[in-house]
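Please read the structure below before turning to the comments.
The values are calculated or read from the model by the stated rules, or taken from the named source; none is laboratory data. Everything numeric here is computed off the predicted structure, so don't read it as measured data. Here the Cβ positions follow ideal geometry from the backbone for every residue, glycine too, while neighbour counts run over all protein chains shown. Heads up: the accessible areas ignore ligands, DNA and RNA and are worked out on the full protein's heavy atoms, side chains in. Shrake-Rupley method; radii C 1.70, N 1.55, O 1.52, S 1.80 Å.
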2 protein chains.
Amino acid sequence: MTTDVVSSMRPLRADAVRNREKILAAAATVFANRGLDATLDEIALEAGVGVGTVYRRFPDKDVLVAALFENSIDEIATLALSAYESENSWEGLVWFMREALSRQCSNKGLRDVVISTTYAEQLKDSAKSRISPALQKLIERAQHDGYLRTDVVEADFPIMEMMISSLGCVTSQLAPDLWRRYLTIMLDGLVVSRDAPTQLEGFPNGDLVAEALRASSRHARRSEGSKELLRDDCQGS
Amino acid sequence: MTTDVVSSMRPLRADAVRNREKILAAAATVFANRGLDATLDEIALEAGVGVGTVYRRFPDKDVLVAALFENSIDEIATLALSAYESENSWEGLVWFMREALSRQCSNKGLRDVVISTTYAEQLKDSAKSRISPALQKLIERAQHDGYLRTDVVEADFPIMEMMISSLGCVTSQLAPDLWRRYLTIMLDGLVVSRDAPTQLEGFPNGDLVAEALRASSRHARRSEGSKELLRDDCQGS
DNA sequence: GGATAAACGGAGCTACTTTCTCCACTTGCA
DNA sequence: TGCAAGTGGAGAAAGTAGCTCCGTTTATCC
(Lines give C-alpha, C1' and ligand atoms only; values in the text may rest on other atoms or scores of the structure.)
Protein backbone atom coordinates (compact mmCIF):
# COMPACT_ATOMS: atom_id res chain seq x y z
CA MET A 1 0.00 0.00 0.00
CA THR A 2 2.53 2.58 1.15
CA THR A 3 4.78 3.23 -1.79
CA ASP A 4 8.05 3.52 0.14
CA VAL A 5 10.56 1.21 1.72
CA VAL A 6 8.90 0.69 5.11
CA SER A 7 7.60 -2.82 4.93
CA SER A 8 10.33 -4.55 2.95
CA MET A 9 13.42 -4.45 5.22
CA ARG A 10 13.84 -4.23 9.02
CA PRO A 11 11.61 -1.70 10.77
CA LEU A 12 12.41 2.00 10.87
CA ARG A 13 13.99 3.46 13.95
CA ALA A 14 11.56 5.26 16.25
CA ASP A 15 12.83 8.73 15.42
CA ALA A 16 12.65 7.94 11.72
CA VAL A 17 9.01 6.92 12.05
CA ARG A 18 8.27 10.14 13.91
CA ASN A 19 9.96 12.20 11.22
CA ARG A 20 8.11 10.38 8.48
CA GLU A 21 4.84 11.41 10.11
CA LYS A 22 6.04 14.98 10.49
CA ILE A 23 6.96 15.07 6.81
CA LEU A 24 3.58 13.74 5.71
CA ALA A 25 1.78 16.24 7.91
CA ALA A 26 3.92 19.09 6.62
CA ALA A 27 3.45 17.97 3.03
CA ALA A 28 -0.32 17.92 3.53
CA THR A 29 -0.26 21.51 4.74
CA VAL A 30 2.21 22.85 2.23
CA PHE A 31 0.71 21.12 -0.81
CA ALA A 32 -2.77 22.19 0.23
CA ASN A 33 -1.77 25.85 0.39
CA ARG A 34 0.80 26.15 -2.36
CA GLY A 35 -0.10 23.29 -4.68
CA LEU A 36 2.26 20.73 -6.11
CA ASP A 37 4.70 23.44 -7.15
CA ALA A 38 5.95 23.45 -3.58
CA THR A 39 9.47 22.10 -3.29
CA LEU A 40 10.54 19.31 -0.96
CA ASP A 41 12.80 21.93 0.65
CA GLU A 42 9.72 23.88 1.72
CA ILE A 43 8.16 20.74 3.11
CA ALA A 44 11.33 19.93 5.04
CA LEU A 45 11.28 23.43 6.51
CA GLU A 46 7.63 23.12 7.53
CA ALA A 47 8.29 19.69 9.02
CA GLY A 48 11.32 20.95 10.91
CA VAL A 49 13.66 18.37 9.40
CA GLY A 50 16.47 18.58 6.86
CA VAL A 51 15.90 18.08 3.15
CA GLY A 52 18.08 14.99 3.29
CA THR A 53 15.61 13.37 5.64
CA VAL A 54 12.75 14.02 3.26
CA TYR A 55 14.64 12.55 0.32
CA ARG A 56 15.68 9.50 2.36
CA ARG A 57 12.05 8.72 3.20
CA PHE A 58 10.57 9.65 -0.19
CA PRO A 59 12.97 9.05 -3.09
CA ASP A 60 11.22 11.70 -5.16
CA LYS A 61 8.27 14.03 -5.17
CA ASP A 62 6.00 11.68 -7.06
CA VAL A 63 6.20 9.04 -4.34
CA LEU A 64 5.35 11.61 -1.68
CA VAL A 65 2.49 13.02 -3.70
CA ALA A 66 1.11 9.54 -4.36
CA ALA A 67 1.37 8.59 -0.68
CA LEU A 68 -0.43 11.76 0.35
CA PHE A 69 -3.26 11.92 -2.13
CA GLU A 70 -4.10 8.26 -2.44
CA ASN A 71 -6.81 8.66 0.18
CA SER A 72 -8.21 11.94 -1.10
CA ILE A 73 -8.56 10.55 -4.61
CA ASP A 74 -10.16 7.42 -3.30
CA GLU A 75 -12.54 9.52 -1.26
CA ILE A 76 -13.80 11.29 -4.36
CA ALA A 77 -14.43 7.95 -6.03
CA THR A 78 -16.41 6.92 -2.97
CA LEU A 79 -18.45 10.12 -3.13
CA ALA A 80 -19.64 9.24 -6.62
CA LEU A 81 -20.87 5.87 -5.38
CA SER A 82 -22.53 7.33 -2.28
CA ALA A 83 -24.30 9.92 -4.36
CA TYR A 84 -26.21 7.15 -6.09
CA GLU A 85 -27.78 6.23 -2.77
CA SER A 86 -29.63 9.53 -2.64
CA GLU A 87 -33.32 9.02 -3.36
CA ASN A 88 -33.59 12.11 -5.49
CA SER A 89 -31.38 11.78 -8.53
CA TRP A 90 -30.86 15.50 -8.95
CA GLU A 91 -30.00 16.00 -5.29
CA GLY A 92 -27.53 13.13 -5.57
CA LEU A 93 -25.74 14.68 -8.51
CA VAL A 94 -25.66 18.11 -6.91
CA TRP A 95 -24.37 16.65 -3.67
CA PHE A 96 -21.59 14.87 -5.50
CA MET A 97 -20.45 17.98 -7.31
CA ARG A 98 -20.55 20.08 -4.18
CA GLU A 99 -18.60 17.55 -2.15
CA ALA A 100 -16.03 16.84 -4.83
CA LEU A 101 -15.50 20.51 -5.50
CA SER A 102 -15.29 21.53 -1.86
CA ARG A 103 -12.35 19.15 -1.54
CA GLN A 104 -10.60 20.42 -4.64
CA CYS A 105 -11.25 24.08 -3.94
CA SER A 106 -9.86 24.01 -0.43
CA ASN A 107 -6.77 22.00 -1.39
CA LYS A 108 -4.66 23.32 -4.22
CA GLY A 109 -2.52 20.20 -4.10
CA LEU A 110 -5.49 17.93 -4.67
CA ARG A 111 -6.64 20.08 -7.53
CA ASP A 112 -3.18 19.90 -9.08
CA VAL A 113 -3.15 16.12 -8.76
CA VAL A 114 -6.48 15.94 -10.56
CA ILE A 115 -5.54 18.45 -13.26
CA SER A 116 -1.83 18.13 -13.81
CA THR A 117 -0.18 15.46 -15.88
CA THR A 118 3.15 15.41 -14.11
CA TYR A 119 2.36 13.61 -10.88
CA ALA A 120 0.59 10.47 -9.80
CA GLU A 121 -0.64 9.58 -13.26
CA GLN A 122 -1.48 6.00 -12.39
CA LEU A 123 -3.28 7.04 -9.22
CA LYS A 124 -5.52 9.19 -11.36
CA ASP A 125 -6.09 6.54 -13.98
CA SER A 126 -7.32 4.09 -11.40
CA ALA A 127 -9.49 6.75 -9.76
CA LYS A 128 -10.93 7.75 -13.10
CA SER A 129 -11.87 4.20 -13.96
CA ARG A 130 -13.88 4.07 -10.74
CA ILE A 131 -15.38 7.56 -10.87
CA SER A 132 -16.44 7.63 -14.51
CA PRO A 133 -18.90 4.73 -14.45
CA ALA A 134 -20.41 5.89 -11.16
CA LEU A 135 -20.79 9.41 -12.46
CA GLN A 136 -22.22 8.04 -15.68
CA LYS A 137 -24.93 6.27 -13.72
CA LEU A 138 -25.67 9.40 -11.68
CA ILE A 139 -26.03 11.38 -14.86
CA GLU A 140 -28.21 8.88 -16.67
CA ARG A 141 -30.53 8.60 -13.72
CA ALA A 142 -30.88 12.38 -13.39
CA GLN A 143 -31.54 12.65 -17.11
CA HIS A 144 -34.05 9.81 -17.02
CA ASP A 145 -35.89 11.49 -14.16
CA GLY A 146 -36.18 14.67 -16.21
CA TYR A 147 -33.95 16.84 -14.07
CA LEU A 148 -30.67 17.00 -15.98
CA ARG A 149 -30.59 18.32 -19.53
CA THR A 150 -30.09 15.48 -21.94
CA ASP A 151 -27.46 17.12 -24.11
CA VAL A 152 -24.69 16.88 -21.52
CA VAL A 153 -22.48 13.83 -21.22
CA GLU A 154 -20.18 12.39 -18.61
CA ALA A 155 -17.10 14.10 -20.06
CA ASP A 156 -18.69 17.51 -19.41
CA PHE A 157 -18.52 17.11 -15.68
CA PRO A 158 -14.77 16.91 -15.11
CA ILE A 159 -14.50 19.93 -17.39
CA MET A 160 -16.99 21.95 -15.40
CA GLU A 161 -15.28 20.89 -12.21
CA MET A 162 -11.99 22.04 -13.63
CA MET A 163 -13.40 25.46 -14.46
CA ILE A 164 -14.90 25.94 -11.04
CA SER A 165 -11.92 24.64 -9.10
CA SER A 166 -9.62 26.95 -11.05
CA LEU A 167 -11.50 29.79 -9.41
CA GLY A 168 -11.82 28.01 -6.10
CA CYS A 169 -8.11 27.59 -5.63
CA VAL A 170 -7.33 31.20 -6.47
CA THR A 171 -9.84 32.57 -3.98
CA SER A 172 -9.44 29.90 -1.31
CA GLN A 173 -7.70 32.32 1.03
CA LEU A 174 -9.78 35.47 0.59
CA ALA A 175 -13.22 34.05 -0.17
CA PRO A 176 -13.17 30.29 0.37
CA ASP A 177 -16.81 29.77 -0.60
CA LEU A 178 -17.04 32.02 -3.60
CA TRP A 179 -16.91 29.10 -6.03
CA ARG A 180 -20.28 27.88 -4.71
CA ARG A 181 -21.93 30.86 -6.34
CA TYR A 182 -20.82 29.77 -9.80
CA LEU A 183 -21.60 26.14 -9.17
CA THR A 184 -25.13 27.21 -8.36
CA ILE A 185 -25.33 29.16 -11.60
CA MET A 186 -24.00 26.21 -13.59
CA LEU A 187 -26.44 23.85 -11.91
CA ASP A 188 -29.27 26.23 -12.78
CA GLY A 189 -28.01 25.93 -16.33
CA LEU A 190 -27.91 22.14 -16.19
CA VAL A 191 -31.43 21.62 -14.98
CA VAL A 192 -33.99 20.95 -17.70
CA SER A 193 -36.41 23.64 -16.63
CA ARG A 194 -37.08 25.84 -13.67
CA ASP A 195 -39.29 28.78 -12.85
CA ALA A 196 -36.90 30.85 -10.81
CA PRO A 197 -33.17 30.87 -10.15
CA THR A 198 -31.77 29.10 -7.11
CA GLN A 199 -30.73 31.53 -4.40
CA LEU A 200 -27.03 32.37 -4.73
CA GLU A 201 -24.76 32.13 -1.73
CA GLY A 202 -21.87 34.49 -1.00
CA PHE A 203 -21.08 37.78 -2.68
CA PRO A 204 -18.22 38.78 -4.95
CA ASN A 205 -16.47 41.83 -3.62
CA GLY A 206 -15.48 43.99 -6.58
CA ASP A 207 -11.70 43.84 -6.44
CA LEU A 208 -11.55 40.61 -4.53
CA VAL A 209 -10.56 38.46 -7.46
CA ALA A 210 -7.95 40.90 -8.73
CA GLU A 211 -6.54 40.89 -5.22
CA ALA A 212 -6.70 37.10 -5.00
CA LEU A 213 -4.91 36.74 -8.31
CA ARG A 214 -2.22 39.13 -7.17
CA ALA A 215 -1.86 37.26 -3.90
CA SER A 216 -1.73 33.87 -5.53
CA SER A 217 0.82 34.88 -8.14
CA ARG A 218 2.98 36.51 -5.49
CA HIS A 219 2.58 33.46 -3.30
CA ALA A 220 3.61 31.22 -6.15
CA ARG A 221 6.97 32.91 -6.48
CA ARG A 222 8.01 33.21 -2.85
CA SER A 223 6.22 32.96 0.44
CA GLU A 224 4.54 36.15 1.60
CA GLY A 225 6.82 38.67 3.26
CA SER A 226 10.24 37.36 2.32
CA LYS A 227 11.31 40.42 0.37
CA GLU A 228 10.55 42.85 3.18
CA LEU A 229 12.37 40.66 5.67
CA LEU A 230 15.40 40.42 3.42
CA ARG A 231 15.53 44.16 3.02
CA ASP A 232 15.82 44.54 6.79
CA ASP A 233 18.52 41.92 7.03
CA CYS A 234 20.98 43.02 4.42
CA GLN A 235 21.77 46.71 4.80
CA GLY A 236 24.50 48.44 2.78
CA SER A 237 25.35 47.40 -0.76
CA MET B 1 0.69 56.44 -28.06
CA THR B 2 3.37 53.92 -28.95
CA THR B 3 5.25 53.25 -25.79
CA ASP B 4 8.75 53.12 -27.30
CA VAL B 5 11.33 55.52 -28.60
CA VAL B 6 10.07 55.99 -32.15
CA SER B 7 8.56 59.43 -32.15
CA SER B 8 10.88 61.25 -29.76
CA MET B 9 14.27 61.35 -31.56
CA ARG B 10 15.21 61.26 -35.26
CA PRO B 11 13.39 58.67 -37.35
CA LEU B 12 14.41 55.01 -37.36
CA ARG B 13 16.48 53.67 -40.21
CA ALA B 14 14.48 51.75 -42.81
CA ASP B 15 15.81 48.32 -41.82
CA ALA B 16 15.10 49.08 -38.18
CA VAL B 17 11.50 49.91 -38.99
CA ARG B 18 11.17 46.67 -40.91
CA ASN B 19 12.59 44.68 -38.03
CA ARG B 20 10.28 46.39 -35.58
CA GLU B 21 7.32 45.21 -37.63
CA LYS B 22 8.73 41.69 -37.83
CA ILE B 23 9.14 41.64 -34.07
CA LEU B 24 5.59 42.81 -33.43
CA ALA B 25 4.21 40.24 -35.85
CA ALA B 26 6.28 37.48 -34.28
CA ALA B 27 5.27 38.57 -30.78
CA ALA B 28 1.62 38.46 -31.77
CA THR B 29 1.98 34.87 -32.97
CA VAL B 30 4.15 33.63 -30.14
CA PHE B 31 2.18 35.29 -27.32
CA ALA B 32 -1.09 34.06 -28.82
CA ASN B 33 0.07 30.45 -28.82
CA ARG B 34 2.26 30.26 -25.77
CA GLY B 35 0.96 33.06 -23.58
CA LEU B 36 3.01 35.71 -21.86
CA ASP B 37 5.39 33.09 -20.52
CA ALA B 38 7.10 33.15 -23.89
CA THR B 39 10.56 34.68 -23.72
CA LEU B 40 11.80 37.52 -25.88
CA ASP B 41 14.37 35.04 -27.18
CA GLU B 42 11.57 32.94 -28.64
CA ILE B 43 10.07 36.00 -30.23
CA ALA B 44 13.44 36.96 -31.71
CA LEU B 45 13.75 33.48 -33.17
CA GLU B 46 10.27 33.62 -34.66
CA ALA B 47 10.98 37.08 -36.07
CA GLY B 48 14.28 35.97 -37.53
CA VAL B 49 16.27 38.64 -35.71
CA GLY B 50 18.72 38.57 -32.80
CA VAL B 51 17.62 39.04 -29.19
CA GLY B 52 19.67 42.21 -29.03
CA THR B 53 17.48 43.74 -31.70
CA VAL B 54 14.35 42.93 -29.75
CA TYR B 55 15.74 44.49 -26.58
CA ARG B 56 16.90 47.59 -28.45
CA ARG B 57 13.41 48.19 -29.79
CA PHE B 58 11.51 47.19 -26.65
CA PRO B 59 13.47 47.90 -23.47
CA ASP B 60 11.60 45.14 -21.65
CA LYS B 61 8.80 42.65 -22.01
CA ASP B 62 6.22 44.92 -20.43
CA VAL B 63 6.66 47.58 -23.12
CA LEU B 64 6.26 44.98 -25.87
CA VAL B 65 3.22 43.44 -24.21
CA ALA B 66 1.64 46.84 -23.74
CA ALA B 67 2.33 47.84 -27.35
CA LEU B 68 0.82 44.60 -28.62
CA PHE B 69 -2.29 44.32 -26.52
CA GLU B 70 -3.30 47.94 -26.30
CA ASN B 71 -5.62 47.46 -29.24
CA SER B 72 -7.06 44.12 -28.15
CA ILE B 73 -7.90 45.48 -24.72
CA ASP B 74 -9.43 48.58 -26.22
CA GLU B 75 -11.46 46.39 -28.53
CA ILE B 76 -13.03 44.57 -25.60
CA ALA B 77 -13.99 47.86 -24.04
CA THR B 78 -15.60 48.86 -27.31
CA LEU B 79 -17.54 45.58 -27.41
CA ALA B 80 -19.17 46.41 -24.11
CA LEU B 81 -20.35 49.73 -25.48
CA SER B 82 -21.56 48.24 -28.77
CA ALA B 83 -23.49 45.56 -26.93
CA TYR B 84 -25.68 48.26 -25.46
CA GLU B 85 -26.86 49.14 -28.94
CA SER B 86 -28.57 45.79 -29.31
CA GLU B 87 -32.32 46.16 -29.05
CA ASN B 88 -32.77 43.05 -26.98
CA SER B 89 -30.96 43.46 -23.68
CA TRP B 90 -30.38 39.76 -23.19
CA GLU B 91 -29.02 39.29 -26.70
CA GLY B 92 -26.71 42.23 -26.13
CA LEU B 93 -25.28 40.74 -22.98
CA VAL B 94 -24.88 37.32 -24.55
CA TRP B 95 -23.23 38.84 -27.60
CA PHE B 96 -20.76 40.71 -25.45
CA MET B 97 -19.76 37.63 -23.50
CA ARG B 98 -19.38 35.54 -26.61
CA GLU B 99 -17.29 38.14 -28.40
CA ALA B 100 -15.09 38.94 -25.42
CA LEU B 101 -14.52 35.29 -24.69
CA SER B 102 -13.82 34.28 -28.26
CA ARG B 103 -10.96 36.76 -28.23
CA GLN B 104 -9.57 35.55 -24.93
CA CYS B 105 -9.99 31.87 -25.70
CA SER B 106 -8.16 32.01 -29.00
CA ASN B 107 -5.29 34.10 -27.68
CA LYS B 108 -3.50 32.86 -24.60
CA GLY B 109 -1.49 36.07 -24.47
CA LEU B 110 -4.59 38.22 -24.26
CA ARG B 111 -6.01 36.02 -21.57
CA ASP B 112 -2.78 36.34 -19.61
CA VAL B 113 -2.86 40.11 -19.92
CA VAL B 114 -6.40 40.17 -18.57
CA ILE B 115 -5.73 37.69 -15.76
CA SER B 116 -2.14 38.14 -14.73
CA THR B 117 -0.90 40.87 -12.48
CA THR B 118 2.64 41.05 -13.82
CA TYR B 119 2.22 42.83 -17.14
CA ALA B 120 0.49 45.90 -18.43
CA GLU B 121 -1.20 46.74 -15.14
CA GLN B 122 -2.07 50.31 -16.12
CA LEU B 123 -3.40 49.20 -19.48
CA LYS B 124 -5.82 46.95 -17.65
CA ASP B 125 -6.81 49.58 -15.11
CA SER B 126 -7.79 52.00 -17.83
CA ALA B 127 -9.62 49.27 -19.72
CA LYS B 128 -11.45 48.20 -16.59
CA SER B 129 -12.60 51.71 -15.87
CA ARG B 130 -14.19 51.77 -19.31
CA ILE B 131 -15.58 48.24 -19.35
CA SER B 132 -17.08 48.11 -15.87
CA PRO B 133 -19.60 50.94 -16.25
CA ALA B 134 -20.63 49.72 -19.69
CA LEU B 135 -21.06 46.17 -18.44
CA GLN B 136 -22.93 47.50 -15.43
CA LYS B 137 -25.43 49.18 -17.73
CA LEU B 138 -25.80 46.03 -19.83
CA ILE B 139 -26.49 44.02 -16.72
CA GLU B 140 -28.97 46.43 -15.20
CA ARG B 141 -30.90 46.63 -18.44
CA ALA B 142 -31.07 42.85 -18.79
CA GLN B 143 -32.19 42.56 -15.17
CA HIS B 144 -34.77 45.30 -15.58
CA ASP B 145 -36.17 43.57 -18.67
CA GLY B 146 -36.61 40.38 -16.65
CA TYR B 147 -34.03 38.29 -18.50
CA LEU B 148 -31.03 38.25 -16.19
CA ARG B 149 -31.37 36.91 -12.65
CA THR B 150 -31.27 39.78 -10.20
CA ASP B 151 -28.88 38.23 -7.72
CA VAL B 152 -25.82 38.57 -9.94
CA VAL B 153 -23.68 41.70 -9.96
CA GLU B 154 -21.12 43.21 -12.28
CA ALA B 155 -18.19 41.58 -10.45
CA ASP B 156 -19.59 38.14 -11.27
CA PHE B 157 -18.93 38.56 -14.97
CA PRO B 158 -15.16 38.88 -15.06
CA ILE B 159 -15.08 35.87 -12.75
CA MET B 160 -17.22 33.76 -15.04
CA GLU B 161 -15.15 34.90 -18.00
CA MET B 162 -12.02 33.85 -16.17
CA MET B 163 -13.42 30.39 -15.51
CA ILE B 164 -14.45 29.86 -19.10
CA SER B 165 -11.29 31.27 -20.65
CA SER B 166 -9.19 29.04 -18.41
CA LEU B 167 -10.73 26.14 -20.28
CA GLY B 168 -10.69 27.92 -23.61
CA CYS B 169 -6.96 28.48 -23.62
CA VAL B 170 -6.18 24.89 -22.68
CA THR B 171 -8.32 23.43 -25.45
CA SER B 172 -7.66 26.13 -28.05
CA GLN B 173 -5.56 23.77 -30.17
CA LEU B 174 -7.56 20.54 -29.98
CA ALA B 175 -11.10 21.85 -29.65
CA PRO B 176 -11.13 25.61 -30.20
CA ASP B 177 -14.87 26.00 -29.69
CA LEU B 178 -15.41 23.73 -26.73
CA TRP B 179 -15.71 26.66 -24.30
CA ARG B 180 -18.91 27.75 -26.04
CA ARG B 181 -20.65 24.72 -24.62
CA TYR B 182 -20.03 25.85 -21.06
CA LEU B 183 -20.83 29.45 -21.78
CA THR B 184 -24.21 28.26 -23.03
CA ILE B 185 -24.76 26.29 -19.84
CA MET B 186 -23.78 29.29 -17.69
CA LEU B 187 -26.07 31.56 -19.67
CA ASP B 188 -28.91 29.08 -19.17
CA GLY B 189 -28.13 29.42 -15.48
CA LEU B 190 -28.13 33.21 -15.60
CA VAL B 191 -31.49 33.62 -17.25
CA VAL B 192 -34.40 34.20 -14.87
CA SER B 193 -36.57 31.43 -16.22
CA ARG B 194 -36.79 29.20 -19.23
CA ASP B 195 -38.78 26.19 -20.31
CA ALA B 196 -36.07 24.21 -22.06
CA PRO B 197 -32.29 24.31 -22.26
CA THR B 198 -30.56 26.13 -25.09
CA GLN B 199 -29.11 23.75 -27.64
CA LEU B 200 -25.44 23.04 -26.85
CA GLU B 201 -22.82 23.38 -29.55
CA GLY B 202 -19.78 21.10 -29.88
CA PHE B 203 -19.10 17.87 -28.12
CA PRO B 204 -16.52 16.94 -25.49
CA ASN B 205 -14.50 13.95 -26.61
CA GLY B 206 -13.81 11.82 -23.54
CA ASP B 207 -10.06 12.12 -23.21
CA LEU B 208 -9.78 15.35 -25.09
CA VAL B 209 -9.25 17.53 -22.05
CA ALA B 210 -6.72 15.19 -20.48
CA GLU B 211 -4.89 15.26 -23.78
CA ALA B 212 -5.17 19.03 -24.04
CA LEU B 213 -3.81 19.45 -20.53
CA ARG B 214 -0.90 17.18 -21.33
CA ALA B 215 -0.23 19.06 -24.55
CA SER B 216 -0.44 22.47 -22.94
CA SER B 217 1.85 21.56 -20.06
CA ARG B 218 4.35 20.03 -22.48
CA HIS B 219 4.00 23.07 -24.66
CA ALA B 220 4.65 25.35 -21.76
CA ARG B 221 8.06 23.86 -21.13
CA ARG B 222 9.50 23.82 -24.64
CA SER B 223 8.06 24.23 -28.10
CA GLU B 224 6.89 21.02 -29.69
CA GLY B 225 9.60 19.06 -31.46
CA SER B 226 12.69 20.94 -30.33
CA LYS B 227 14.23 18.01 -28.53
CA GLU B 228 14.01 15.71 -31.53
CA LEU B 229 15.45 18.36 -33.80
CA LEU B 230 18.34 18.98 -31.44
CA ARG B 231 19.11 15.29 -31.29
CA ASP B 232 19.56 15.24 -35.06
CA ASP B 233 21.78 18.29 -35.09
CA CYS B 234 24.33 17.50 -32.47
CA GLN B 235 25.69 14.03 -32.95
CA GLY B 236 28.51 12.67 -30.79
CA SER B 237 29.16 14.01 -27.30
C1' DG C 1 27.48 2.24 29.24
C1' DG C 2 29.64 1.46 25.11
C1' DA C 3 29.65 0.02 20.25
C1' DT C 4 27.55 0.60 16.00
C1' DA C 5 24.49 1.01 12.37
C1' DA C 6 20.82 4.01 11.34
C1' DA C 7 19.30 8.48 10.80
C1' DC C 8 20.04 13.33 10.55
C1' DG C 9 20.89 18.23 8.76
C1' DG C 10 21.76 21.33 5.47
C1' DA C 11 25.56 23.32 2.70
C1' DG C 12 26.29 23.05 -1.76
C1' DC C 13 26.57 20.74 -6.42
C1' DT C 14 24.25 20.11 -10.93
C1' DA C 15 21.43 21.39 -14.31
C1' DC C 16 18.37 24.43 -16.20
C1' DT C 17 15.83 28.83 -17.10
C1' DT C 18 15.10 33.67 -18.04
C1' DT C 19 16.40 38.32 -18.66
C1' DC C 20 19.32 41.36 -20.51
C1' DT C 21 24.19 43.32 -21.92
C1' DC C 22 28.07 43.92 -24.60
C1' DC C 23 30.82 44.44 -28.48
C1' DA C 24 32.82 43.06 -32.88
C1' DC C 25 30.72 43.28 -37.15
C1' DT C 26 27.45 45.02 -40.90
C1' DT C 27 24.68 48.36 -43.33
C1' DG C 28 21.77 52.36 -44.68
C1' DC C 29 22.16 56.94 -45.77
C1' DA C 30 23.99 61.85 -46.26
C1' DT D 1 32.86 56.83 -48.96
C1' DG D 2 32.59 57.56 -43.98
C1' DC D 3 30.37 56.77 -40.01
C1' DA D 4 26.49 56.66 -36.96
C1' DA D 5 22.87 53.52 -36.58
C1' DG D 6 21.74 49.04 -36.40
C1' DT D 7 22.66 44.03 -35.84
C1' DG D 8 23.38 39.26 -33.91
C1' DG D 9 24.04 36.20 -30.60
C1' DA D 10 27.37 34.49 -27.14
C1' DG D 11 27.36 34.68 -22.60
C1' DA D 12 27.04 37.20 -17.99
C1' DA D 13 24.03 37.54 -14.11
C1' DA D 14 20.54 36.05 -11.28
C1' DG D 15 17.57 33.03 -10.31
C1' DT D 16 15.17 28.11 -9.21
C1' DA D 17 14.39 23.24 -8.38
C1' DG D 18 16.07 18.73 -7.46
C1' DC D 19 19.01 16.04 -5.18
C1' DT D 20 23.60 14.27 -2.89
C1' DC D 21 27.14 13.86 0.29
C1' DC D 22 29.33 13.53 4.49
C1' DG D 23 30.49 14.99 9.25
C1' DT D 24 27.66 14.71 13.27
C1' DT D 25 24.05 12.91 16.27
C1' DT D 26 21.17 9.33 18.17
C1' DA D 27 18.38 4.98 18.96
C1' DT D 28 19.00 0.47 19.85
C1' DC D 29 21.18 -3.80 21.12
C1' DC D 30 24.25 -6.34 23.96
Cβ-Cβ distance below 8 Å, separation of 6 or more or different chains: which pairs start in the range B:32-43 with a residue that is free of Cβ contacts under 8 Å to residues at least 12 places away in the same chain and closer than 19 Å to B:Pro176 by Cα and end on one that is open to solvent by less than 10 Å² (accessible area, probe 1.4 Å) and within 15 Å of DNA strand D (Cβ to nearest atom)?
none
So, A:Asp74, is that one more than 13 Å from DNA strand C (Cβ to nearest atom) and within 14 Å of chain B (Cβ to nearest Cβ) or not?
no
Does the range A:2-24 hold any residues that are more than 7 Å from DNA strand C (Cβ to nearest atom), exposed (fewer than 10 other Cβ atoms within 10 Å of the Cβ) and modelled with pLDDT of 90 or more, and which are they?
A:Ala14
Which number in (1) in the same structural domain as A:Thr198 (by TED's automatic domain parsing); (2) small (Gly, Ala, Ser); (3) part of a helix (DSSP H, G or I); (4) open to solvent by less than 50 Å² (accessible area, probe 1.4 Å) marks the one condition that A:Ser86 misses?
(3)
Enumerate the helices (runs of 4 or more DSSP H) found wholly within the range B:92-210, keeping only those where 3 or more residues are facing chain A (nearest Cβ under 10 Å), open to solvent by 10 Å² or more (accessible area, probe 1.4 Å) and in contact with a Cys (Cβ under 7 Å, 6 or more places away or on another chain).
none
Taking B:Arg194, is it over 15 Å from A:Phe157 (Cα atoms) and of a type in the set (Lys, Arg)?
yes
Mind telling me which of the residues A:Ser226, A:Ser216 ends up being away from DNA strand C (no atom under 16 Å from the Cβ), more than 7 Å from every other protein chain (Cβ to nearest Cβ) and at pLDDT below 80?
A:Ser216
Residue within the range A:44-52 that is under 30 Å from A:Asp188 (Cβ atoms) and within 16 Å of DNA strand D (Cβ to nearest atom) present:
no
On the basis of being touching a residue at least 40 places away in the same chain (Cβ under 8 Å), charged (D, E, K, R) and either more than 13 Å from DNA strand C (Cβ to nearest atom) or within 18 Å of A:Val17 (Cβ to Cβ) (or both), does A:Glu87 make the cut?
no
Please enumerate the residues belonging to the range B:30-56 that are within 11 Å of DNA strand C (Cβ to nearest atom) and of a type in the set (D, E, K, R).
B:Arg34, B:Asp37, B:Asp41, B:Glu42, B:Arg56
Within the range B:46-68, is there a residue that is farther than 30 Å from A:Arg180 by Cβ, in the same structural domain as B:Val17 (by TED's automatic domain parsing), of a type in the set (A, V, I, L, M, F, W, C) and open to solvent by 40 Å² or more (accessible area, probe 1.4 Å)?
yes
Does B:Ser126 meet the test of being over 16 Å from B:Ala77 (Cβ atoms), among the small types (Gly, Ala, Ser) and at pLDDT below 95?
no
Could you tell me which residue of the range A:21-73 is nearest to A:Gln122 (Cα to Cα), considering only residues that are not aliphatic (A, V, I, L, M) and not in a helix (DSSP H, G or I)?
A:Asp60
May I ask you to say which residue of A:Ala27, A:Ala80 is buried (at least 18 other Cβ atoms within 10 Å of the Cβ) and in the same structural domain as A:Leu167 (by TED's automatic domain parsing)?
A:Ala80
